Amino acid sequence: MDILLQNINLVSPADKINSNVDILIIEGIINKIGKVKIPKKSLKVIDGKNKSCVPGLYDMHVHFREPGQTHKENNVTGAEAAANGGFTGVLIMPNTSPPLDSPLLVKSILDNSKNSIVDINIAACATMKREGEFLSPILSLYEAGAVAFTDDGSPISNPEIMRRVLEYTSQINSVVIQHCEDMLISNKGVMNEGFISTLMGLRGIPDISETTVIARDILLTEFVKNSRYHTQHISCGRSIDLIREAKLKNINITSEVCPHHFILTEKDCIGYNENAKMNPPLRTADDIEKILNGLKDDTIDVICTDHAPHTEYEKNQGFNKAPFGIIGLETAVGLTYTYLVRNEIISFEKMIEKMSDNPRKILGLDEIKIEEGESANFTILDMKKKWTVDKNKFKSKCRNTPFDKYELQCKPYCVINNNQIYFTDL
């Protein structure tokens, strides 16, 4: 497919590019960057007015539910939701049924996803069946194509097991991704522990259920030389303090946060709003303030979504029984720009670093090179476009979002990758 991006703002922090240019793409390859005279041959011309072209966005925390729960999502609908939200790559989590602890299953999923416009990578199980008792075949899973290891949805609770996982992954320079929760402390809670949970008569999850795991794992990561450790979906301020202190000691730790944890608070659960039920839970305004500071000073490396599709029936079982999690792929760009960039928490360039460059660096994926002769992997954003979230336009199979009807700025326009183009419909 031949495409001309005409007079578009090209922004690539890694390449130190921020300028208005034309970009000619011939059969998926960047042919020319600069002033381009429209060739006589047939091609698609995209007017770049008010639009920015950035390295394709990457979400390193999604649940596509395949195999086993494809009534919620599958790799095809998940990839379409990702493209619709402006992403050209995703990392899928292994809490499927069966879990992704088999090299054959990993290879099968990757083989079946080769023709997608969205690059699908896999975080395989760190332990067999995600049960935390026996190591999964980490080296074989890596050879099959897994790029990271996690028991996401469940923590690696046993410190000896965590040590061994760190040791094995250090041999292949891979990263361990931890769901930071002490299950004994969280004790089947359903929301943040505090005044609101007491008022609603619900069992709470204290923030120490997250911080105790992070504190332990920082020490283990420091102990296991050359290991790399990544904390998922940070929710509380004290976690930011611990990660910042670890980074000052040059411990190999990175972290991520989701839009719901820097926008919403426990008060959004009032009225037993099941679409505000997530794990880790929504915390307090004080926690959000520390998370915003962590984004400002780069304690937090990545903005992701934890895209977790659940059916309307499942979410409508009442707050106690409803599953944790919300979808996020199709709202992440608008939420991040509106609440972080427009509010001058971070710059637009920092947004791109945290949603494109840093995830790929952490996972050891090929960086996107914006040079003539390189493959075109772009996200096009309509920067000034103000839009209202309409969940009925989502391509995900599910609609479990607390952000329906939110008024946002910066709308995904299209994505270009693997010699394909997808125009978003939000």
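The values are calculated or read from the model by the stated rules, or taken from the named source; none is laboratory data. It should be emphasised that the depicted structure is a prediction, and the values quoted were computed from it without experimental measurement. Cβ sites come from the backbone with ideal geometry, for glycine too, and all protein chains shown count toward neighbours. The area values use the complete protein model at the heavy-atom level, side chains included, leaving out ligands, DNA and RNA. Shrake-Rupley method; radii C 1.70, N 1.55, O 1.52, S 1.80 Å.
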* Structure fact -> Projected onto the charge dipole of the chain (unit charges on the beta-carbon of Lys, Arg, Asp and Glu, signs +1, +1, -1, -1), the Cα from Asn417, Ser52, Leu135 with the largest positive-side position is that of Ser52
* Asked: When the helix-only estimate is applied to the chain (DSSP H runs of n ≥ 4, each -39,500 (n - 2.57), divided by the residue count), what is the mean residue ellipticity at 222 nm, nearest 500 deg cm²/dmol?
  -> -7500 deg cm²/dmol
* **Unit charges on C-beta of K, R, D, E only; dipole of the range 187-238, Debye** => 120
* **Cβ-derived FRET efficiency at R0 30 Å, Gln171 paired with Glu245, nearest 0.05** => 0.65
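Using the C-alpha atoms of the range 1-152, what convex hull volume per residue, in cubic angstrom, is computed? Provide the component values of the computation, followed by the final result.
Working: hull volume 20.4 nm³, N = 152.
Cα-based convex hull of the range 1-152, divided per residue, equals 134 Å³.
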* ³J(HN,Hα) computed for each position of the range 323-334 - Karplus, 6.51 cos²θ - 1.76 cosθ + 1.60, integer Hz, glycine/proline x -> x, 6, x, 9, 7, x, 4, 9, 10, 4, 4, x
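Calculate, for the range 303-390, the solvent-accessible area per residue in square angstrom, rolling a 1.4 angstrom probe over the heavy atoms of the protein chains.
In whole numbers, the range 303-390 has 40 Å² accessible per residue.
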* What distance in nm separates the simple spin-label points at Leu104 and Lys296, each placed 7 Å from Cα in the Cβ direction? -> 5.4
* Taking amide hydrogens as modeled 1.01 Å from N in the peptide plane, which residues meet the under 5 Å criterion relative to Ser136, leaving out close sequence neighbours? -> Thr127, Met128
* Asked: Using a probe of 1.4 angstrom, how much of the accessible area of the chain is carbon and sulfur, in percent?
  -> 47
* Nearest 20 debye, what's the magnitude of the dipole of the chain about its Cα centre given +1 on Lys and Arg Cβ and -1 on Asp and Glu Cβ? -> 960
* Asked: What nm distance separates the two modelled labels at Arg203 and Asn419, each placed 7 Å from Cα along Cα→Cβ?
  -> 5.5
* Structure fact -> In the chain, taking the dipole from +1 charges on Lys and Arg beta carbons and -1 charges on Asp and Glu beta carbons about the Cα centre, the listed residue (Asn74, Val165, Gln317) farthest towards the positive end is Asn74
* Please give the per residue accessible area of the range 192-256, computed with a probe of 1.4 Å over protein heavy atoms only, in Å². => 43
* Candidates His260, His61, His71: whichever shows maximal mean-square fluctuation once the chain is modelled as a Gaussian network with Cα springs under 10 Å -> His71
* Structure fact -> Taking R0 as 60 Å and r as the Cβ-Cβ distance between Met383 and Lys129, the FRET efficiency 1/(1 + (r/R0)^6), rounded to the nearest 0.05, comes to 0.85
* Structure fact -> The distance between the Cα centres of the range 394-426 and the range 32-87, in whole Å, is 9
* Asked: Pick from Ile345, Ile291, Ile270: which is most flexible by mean-square fluctuation in a GNM of the chain where alpha carbon atoms under 10 Å apart are linked?
  -> Ile270
* To do: For the chain, build the charge dipole from Cβ charges (+1 Lys, Arg; -1 Asp, Glu) around the Cα centre, then report which of Thr379, Cys258, Gly271 sits farthest towards its positive end.
  => Thr379
* To do: About the Cα centre of the range 287-408, how large is the charge dipole given +1 on each Lys and Arg Cβ and -1 on each Asp and Glu Cβ? Please answer in debye to the nearest 20.
  => 680
* For the chain: span of alpha carbons on each principal axis (Å, largest first) -> 67, 47, 43
* Structure fact -> Among trypsin sites (Lys or Arg not before Pro) in the range 201-247, those in a DSSP loop whose Cβ has at most 12 other Cβ atoms within 10 Å are Lys225
* Would you list, by chain and number, the lysines whose Cα falls below 24 Å from the Cα of Lys290, excluding same-chain residues fewer than 8 positions away? => Lys247, Lys249, Lys267, Lys277, Lys350, Lys354
* Among Leu282, Leu220, Leu43, which one shows the biggest mean-square fluctuation in a GNM of the chain, springs joining Cα atoms closer than 10 Å? -> Leu43
